[in-house]
Amino acid sequence: MQEFNGQNIIVTGGTRGIGAGITEAFLQAGARVVATYSGNDEAAKNFKEKNAAFGEQLVLKKFNVANTTEVENFFKDYEATFPSLEILVNNAGIRRDSIIPSMTENDWDAVIDTNLKGTYNMTRFAVLLMMKNRYGRIVNMSSVGGKLGLPGQANYAASKAGQIALSLSVSKEVAKRNITVNNVCPGFIETELLKDLPEEQVKEYKSQVPMKRFGKVEEVAHAVLFFASKNASYISGTTLDVSGGLNA
């Protein structure tokens, strides 16, 4: 386990699913975490209560990462409250699956705006803070779906492939400031995002995974903490699949 004592971290979509696991892993490693969420107040409240032992180490903030004004206001508040920003994990994401003839414009826009524009919005303002201290770690939660292109997920795949491309460009722009930008690409992970899948589809997906099982949230969190650590100082612009061997 990496040590993050004294570091300040933002995890978007940090109160549920993979994001919750990442938040908890950072808390356990001594960091102070701002976990953001966009709508599920009950889940956020339950998450806060579950992690009450961490006290002021955990701060929750509600806003929409796709809304530039809300993101800007969040960072103004953040800068007035916290002395620095060491790590940003762009984890907020949604799925609205449908085959392309049936996919509505709203479903396309919602996924692209949250998953890709949200990453742009958060990264843009985070880099400004990180540049002041000439240090930072940005980890973008992409997906193997961005490389595999699963049927019914054209919007999701496009957004996740876009995150990887964005990371490649930004990693070159900020390298001289001691800021790294990397991607973690989970495969099929046991979260609520998979609960709506039919049983037969679950069996089909598991059969495609060489390890013949879905991954666990903590297995993804370990990869994120490595990229976010000082030990990963010479790794930037790269992508790590956490997929049980399911690769493009």
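Could you work out how far helix 118-133 tilts from the main Cα principal axis of the chain, as a 0 to 90 degree angle to the nearest 10?
Between helix and principal axis, roughly 30 degrees.
From Cα coordinates alone, what are the radius of gyration and Dmax values for the stretch 66-107 in angstrom?
16.4, 49
Using the Kirkwood radius over Cα pairs, work out the Stokes-Einstein diffusion coefficient for the stretch 109-160 at 10 °C and 1.306 mPa s, in µm²/s as a whole number.
Value of D from the Cα-based Kirkwood radius: 130 µm²/s.
Out of the trypsin sites (Lys or Arg not before Pro) in the stretch 109-149, which ones are loop residues according to DSSP with at most 11 other C-beta atoms within 10 Å? Can you show the working numbers first?
On the way: sites: K117, R124, K132, R134, R137, K147; in loops: R134.
Here the trypsin sites (Lys or Arg not before Pro) that fit, given the DSSP loop and packing criteria, are R134.
Taking loop as defined by DSSP and a crowding limit of 15 other beta carbons within 10 Å, which GluC sites (Glu not before Pro) in the stretch 184-248 fit?
Passing sites in the stretch 184-248 are E190.
Estimate the FRET efficiency between R177 and E72 by the formula 1/(1 + (r/R0)^6), using the beta-carbon distance for r and 25 Å for R0, to the nearest 0.05. Please report the intermediate quantities before stating the final value.
Working: r = 21 Å, r/R0 = 0.85.
Step by step, r from the Cβ atoms, then E = 0.75.
Mind checking Rg over Rh on the stretch 118-248, alpha carbons, Kirkwood formula for Rh?
Taking Rh as the inverse mean 1/r over Cα pairs, Rg/Rh reads 1.01.
List the relative contact order of the stretch 126-248 as a percent without decimals, with contacts defined as Cα pairs under 8 Å and 6+ residues apart. Intermediate values should be presented prior to the final figure.
Working: 188 pairs, mean separation 41.1, N = 123.
Worked out over the stretch 126-248, it gives 33 percent.
Rule-of-thumb check for the chain: C-alpha Rg over 2.2 N^0.38 Å?
Ratio of Rg to 2.2 N^0.38 Å for the chain: 0.96.
Treating only the Cβ of Lys, Arg, Asp and Glu as charged (+1, +1, -1, -1), what charge dipole size does the chain show about its Cα centre? Round to the nearest 20 debye. Walk me through the intermediate numbers first.
Values: 27 positive and 26 negative charges, 156 e Å.
Dipole of the chain, to the nearest 20 debye: 740 debye.
Which entries in K132/K230; K147/K212; K62/K176; K50/K195 show an alpha-carbon gap greater than 27 Å?
Cα-Cα > 27 Å for K62/K176; rest within.
Starting from the Kirkwood Rh over alpha-carbon pairs, what translational D in µm² s⁻¹ does the stretch 83-124 have by Stokes-Einstein at 4 °C and 1.567 mPa s?
D, rounded to a whole number, is 110 µm²/s.
With the crude spin-label approximation of a point 7 Å out along Cα→Cβ, what separation in nm comes out for A80 versus N133?
Using points 7 Å along Cα→Cβ, the separation is 2.0 nm.
Give the residue from F226, I9, V33 lying farthest towards the positive end of the charge dipole for the chain; charges sit on Cβ (+1 for Lys and Arg, -1 for Asp and Glu) and the dipole is referred to the Cα centre.
F226
Of the accessible area of the stretch 194-248, with the probe set at 1.4 angstrom, what percent is carbon plus sulfur?
Answer for the stretch 194-248 is 53 percent, counting heavy atoms of protein chains only.
After finding the eigenvalues of the alpha carbon gyration tensor for the stretch 1-71, what semi-axes result from the square roots of 5 times each, listed largest first in whole Å?
On the way: eigenvalues 79, 39, 20 Å².
Computed over the stretch 1-71, the values are 20, 14, 10 Å.
Taking all protein chains in place and a 1.4 Å probe, what share, in percent, of the accessible surface of the stretch 70-187 do carbon and sulfur account for?
53 percent
Kindly report the accessible area of the chain per residue (heavy atoms of protein chains, probe 1.4 Å, no ligands, DNA or RNA), in Å².
Computed with neighbouring chains in place, this is 47 Å² per residue.
The values are calculated or read from the model by the stated rules, or taken from the named source; none is laboratory data. All of these numbers come straight from a predicted model, not from anything done at the bench. Here the Cβ is made from the backbone with ideal geometry for all residues, glycine too, and neighbour counts use every protein chain on show. For accessibility, only protein heavy atoms count, side chains too; no ligands or nucleic acids. Shrake-Rupley method; radii C 1.70, N 1.55, O 1.52, S 1.80 Å.
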